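Chemist: Right, I'll just put the structure down here and ask away after.
The values are calculated or read from the model by the stated rules, or taken from the named source; none is laboratory data. If you're wondering where the values come from, they're calculated on a predicted model, not measured in any experiment. Please note: Cβ atoms are built from the backbone with ideal geometry, for glycine as well, and neighbour counts cover all protein chains shown.
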Amino acid sequence: MIKEYLKFCEFEETAKIFEKECKSKGKPVPKTQSSPPADSRSLIIQKDLISSFEDGDMKVFFELWAEHVPTDIRDSDPAVQKLEFYLHIHFVIYPLKNSLGRQDKAELDERISHFRHYLETRGAALSQTTEFLPFYALPFVPNPAAHPSFQELFQDSWAPDLRKRLEKLLSLILKASATPRLLTLYGGQKNLKQTQAQLAEAEKRASCYMRRFSKMQADYHNLIGVTAELVDSLEATVSGKMISPEYLQGVCVRLFSGQMRQSAAQSIDFTRPGTASSMLRASIAAPKDVPLLPSLDYEKLKNDLMTGSDRLKALLLQALRWRLTRSLQGEQRDTVLQAYISNDLLNCCHTKQKTVLHLVKSKNEIVRQYTARLINAFASLSEGRMYLSQFPPLLKLLVDCLHTEEKDSVARENVLGALQKLSLRRVHQSTLIRQGLIGWLVDELQDSDSLSDYTLEYAVALLMNLCLRTPGKRRCTERAKHVLKVLTDLLGHENHEIRPYVNGALYSILSVPTIRLEAKEMSMEEILHCYTKEENPELNRQIEFIIKQLNSEEEPQDELESDDEEDEDGDDEEDVMEADLDKEEVLQPQPKELSGENLLTSEYLGIMTNMVKEKRRWNGPSAQSTDEPLQRPVTPSSHRNTM
């Protein structure tokens, strides 16, 4: 087999030495029948295929291709499938590269129609391959020759290189009988890296399917349990026993516990006839296919964000945010976010140079506001928070903005929202505590009636997250009476959404003995009892826990220094996009001015920049009784209006 391979590759001298050495060592090479030369018919077929390729004769070429390239090879060999894809591109752009006279338009339309049919049939198999994804837009681009994404296709070297690949393939296929057995055993041109990549992808899919199977199995067991209870209930009604609305509510909550938050399920009135059945039917409705948004030229985007006019910067910041906030939750939004991250849209990975994030300190008010909105949108998603964490100076940038922005500005609202979401991560909590943010928040909350609902909720939630940490509690001891007064005043605020965060902050800092002493001196227990008169059992129970903490004699257990390290530094909050991110848009396009998705796809269409990866799934918050004050970092975004 080795001798056969050497002769096939025309290594004549090497073959002679190999044969001589084998003979001298007592291992003579058995004689093999020499490979027969390619017959004249094969040469004619090759010539006809190459000729039709050069002439742009699409019909003749693909008739010969279908007849002489075996179907099993075309269907199973990735290299052949890729070559076939590029051959279709060659023929569809041929009239644009080689003028065919007055028939150009009709000829081009026919070729585009043929290409679209190919994409919908045989070409559909490559639609998930990053290399080919941009070319699915080719039939819809008015002038591909002028489009930056397809410039490579119109270079002088592209067609000759494709022809060489075609000739190589034809020589292998049409001389199949002469292919050495050693080459056949090796598996053609497949390499180890490609096989390893395919294996890794298969393992990834298998892991995904196993997770889906486990969830389906859990849902099935839950469904069987609920069904058994309902059968028992039906049997009871036969005996004349009535089913209470509370029982039906409990059953429905169990049915939907895997699809929504338990609190959300409990808030739905399942006692209304048809409510539960309608939701069940809707939950099994077939999902609609959601198209992926076109790839973008991120290098051009980043350049224009840094060097363009303030008007262009603001329009781009708005369009990029809209692409994230207006995308559909699931694969479409995941793909948008991963494309932003993998192409480092905000330059978070380049800390030594000025980044897009520095636009939050721009002299232009609208640019500052729209940068803050975009940062807040990134911070709304767990992967986005992880990405922003790669730029350590960001927290100082944002804290500086809190001090410099107008009190009621949209920019400051979004900066505060982003900081609160970033405070879900322990390392950021430590940084914000060191930067003295607790004192700023307490002073800001002292005049709570002047704050917007958004600022109030995120300021209180951020304060709570920082107070959960031992260094945060120490900061509170410096002005304990002031902190306690502000928090107790907030318990009486008309915005009831802030109460869980106020309770959580109080419960946490009252674990410090010196703060407990201050609280007792100001008759904290009597003040707290004033708020238990409301018809709110959950709030009353939380206040009881706070009073119990106030009267506790236990010493707090300080955190270890290692608590600030990254190994435990993650957040498990749900990914939520708030409607507030797009509220009060001050930037409106002028007549004939491009904005939003039209701006991105008209001026910044890219190629192969959408990279999809497995998204980290949210498993819900760690178990904690709703009767107790919050004792883990949270964000109000999961309770606000979302999109």
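Chemist: Sort out which residues of segment 115-138 are modelled with pLDDT of 80 or more and surrounded by fewer than 16 Cβ atoms within 10 Å (Cβ to Cβ), and write them in order of number.
Modeler: H117, E120, T121, R122
Chemist: Given the options L317, L312, L301, name the one that is part of a helix (DSSP H, G or I), at pLDDT 90 or above and either of a type in the set (F, W, Y) or touching a Lys or Arg at 6+ places or on another chain (Cβ under 9 Å) (or both).
Modeler: L317
Chemist: I would also like to ask the following. Which condition number in (1) surrounded by fewer than 16 Cβ atoms within 10 Å (Cβ to Cβ); (2) in contact with a helix residue (DSSP H, G or I) (Cβ under 9 Å, 6 or more places away or on another chain); (3) polar (S, T, N, Q) is the one that Q353 fails?
Modeler: (2)
Chemist: Restricting segment 447-465 to residues that are of a type in the set (G, A, S) and more than 20 Å from Q429 (Cβ to Cβ), which is surrounded by the most Cβ atoms within 10 Å (Cβ to Cβ)?
Modeler: S448
Chemist: When segment 315-329 is examined, which residues are found to be closer than 13 Å to L293 by Cβ and out of contact with any helix residue (DSSP H, G or I) (no Cβ under 7 Å at 6 or more places or on another chain)?
Modeler: Scanning segment 315-329 gives R326, L328.
Chemist: Quick one: is P273 modelled with pLDDT of 70 or more, surrounded by fewer than 17 Cβ atoms within 10 Å (Cβ to Cβ) and assigned to a loop (DSSP other than H, G, I, E, B)?
Modeler: no
Chemist: When only residues in segment 489-505 that are more than 13 Å from E457 (Cβ to Cβ) and not small (G, A, S) count, which is modelled with the lowest pLDDT?
Modeler: Going through the qualifying residues, I end up with L491.
Chemist: So, one more: What about E405, is it more than 28 Å from the chain's Cα centre (by Cα), among the charged types (D, E, K, R) and assigned by TED's automatic domain parsing to the domain that holds A314?
Modeler: yes
Chemist: Scan K313, K363 and give me the residue that is surrounded by fewer than 16 Cβ atoms within 10 Å (Cβ to Cβ) and in the same structural domain as Q420 (by TED's automatic domain parsing).
Modeler: Within the list K313, K363, the selection yields K363.
Chemist: Taking L437 as the residue in question, decide whether it is surrounded by 21 or more Cβ atoms within 10 Å (Cβ to Cβ), closer than 24 Å to K354 by Cβ and touching a residue at least 12 places away in the same chain (Cβ under 8 Å).
Modeler: In short, no.
Chemist: For F85, state whether it is among the aromatic types (F, W, Y), closer than 25 Å to S157 by Cβ and within 39 Å of the chain's Cα centre (by Cα).
Modeler: yes
Chemist: To continue, here is another question. Of everything in segment 499-526, what is assigned to a helix (DSSP H, G or I), more than 20 Å from P633 (Cα to Cα), touching a residue at least 40 places away in the same chain (Cβ under 8 Å) and touching a helix residue (DSSP H, G or I) at 6+ places or on another chain (Cβ under 7 Å)? Give them in sequence order.
Modeler: I515, M524 - these are the residues of segment 499-526 that are assigned to a helix (DSSP H, G or I), more than 20 Å from P633 (Cα to Cα), touching a residue at least 40 places away in the same chain (Cβ under 8 Å) and touching a helix residue (DSSP H, G or I) at 6+ places or on another chain (Cβ under 7 Å).
Chemist: Could you tell me whether segment 490-498 includes any residue that is surrounded by 16 or more Cβ atoms within 10 Å (Cβ to Cβ), touching a residue at least 24 places away in the same chain (Cβ under 8 Å) and under 27 Å from G384 (Cα atoms)?
Modeler: Yes, some residue in segment 490-498 is surrounded by 16 or more Cβ atoms within 10 Å (Cβ to Cβ), touching a residue at least 24 places away in the same chain (Cβ under 8 Å) and under 27 Å from G384 (Cα atoms).
Chemist: Okay, moving on. From the set of residues in segment 516-546 that are over 43 Å from the mean Cα position of the chain (by Cα) and of a type in the set (V, I, T), which is modelled with the highest pLDDT?
Modeler: In this case the residue turns out to be I527.
Chemist: Okay, moving on. Which helices (runs of 4 or more DSSP H) does segment 331-412 wholly contain that include 3 or more residues that are more than 25 Å from K300 (Cβ to Cβ)?
Modeler: Result: 382-388, 394-404.
Chemist: Could you tell me whether segment 576-584 includes any residue that is within 20 Å of the chain's Cα centre (by Cα) and modelled with pLDDT under 80?
Modeler: The answer is yes; a qualifying residue exists.
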